[in-house]
Amino acid sequence: MPLGTLDRTPPPFFKQGPSALSKLLVFSALAVFLMVADLRFQITQPVRSVLGLVVLPVQWLAMQPAEALRWTGRYFESLASAQRGQEQAQVQLALQAARGLQVEQLAQENQQLRELLELRTRITTTGQAAEVAYEAADPYTRKVVIDKGQMHRIEVGSPVIDAAGVIGQVTRVHPLVSEVTLITDRDQAIPVLNARTGQRSVAHGDPSAPHPGGLELRFMAANADVKLGDLLTTSGVDGVYPAGLPVAQIIQVERRTDSAFARIQTRPVAGVSRARHVLVLQPIGAQLPPRPPAEAVSPPRKGGRK
């Protein structure tokens, strides 16, 4: 028999039910209907809740190996970090102990010199601890909000410091919170003193500096005795900040031949943008003696004798 005459159609035993295309169309329509019905009426939400509850233990078991690896990594990382922190703390404790041995003697010598020179006793400032609640929403200013206000006797102009140095100044007080303008704000200025040379200047906030969050010493002569690493402290001449508080450290000195002033960039020593716990000091202006009244000056007489 020639091959062309063979019947290649499947036997009737396999010809059962609708065709594959019909099944595809029917089940596709059913899937679309169920998706629309679930979207509108949330008919499968209980089923999803039950399935999620049933699968939850399985998911928890499946995630345990990865969680164990992450926990192990965090444990060893925290252990190494704790060891490094302990070593740094021991070094700082030794340095502080060495300095502490000299504090009492220096304080006594300072007091004796002041009594010898009949100088007024150094002003002692009091303060209270506060916590930074959040940063101000204004992107054009550098301000934070602390959780102390008028009810805690916070005053406008109070200096704010952390464990390392000056952070800013209270510029607005509310009943329960206060607004602190950071020293890196473009409108903020603070009188400073070069701890090495004793030269006074004014540091201005410079958010556009090459190092973000820095300060700039303006109108400093090009031949001024300024070096990299010099520490700037508060001078105490403004009646706001107590003298001797660390403010910034000089990181860049640019002397140009076409200008009579040098461009000096500094970096705050305090954690201006990352401080969490701060100390709000009382302004020293409230402790200074009142200014003497201005003497009445008689106006000059006009004309000569009559």
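Rule-based calculations on the coordinates, nothing more; no lab input. Quick caveat, the model's predicted, so the values are computed rather than measured. With ideal geometry, Cβ positions are generated from the backbone for all residues, glycine too; neighbour counts draw on all protein chains shown.
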Inset, instruction - Specify the residue that is farthest from T233 (Cα to Cα); the eligible residues are those in the range 151-171 that are surrounded by 14 or more Cβ atoms within 10 Å (Cβ to Cβ) and free of Cβ contacts under 8 Å to residues at least 60 places away in the same chain. - result: H152
Legend entry - In the range 178-205, the residues that are hydrophobic (A, V, I, L, M, F, W, C) and buried (at least 19 other Cβ atoms within 10 Å of the Cβ): V180, L182, I183, I190, V192, L193, A203
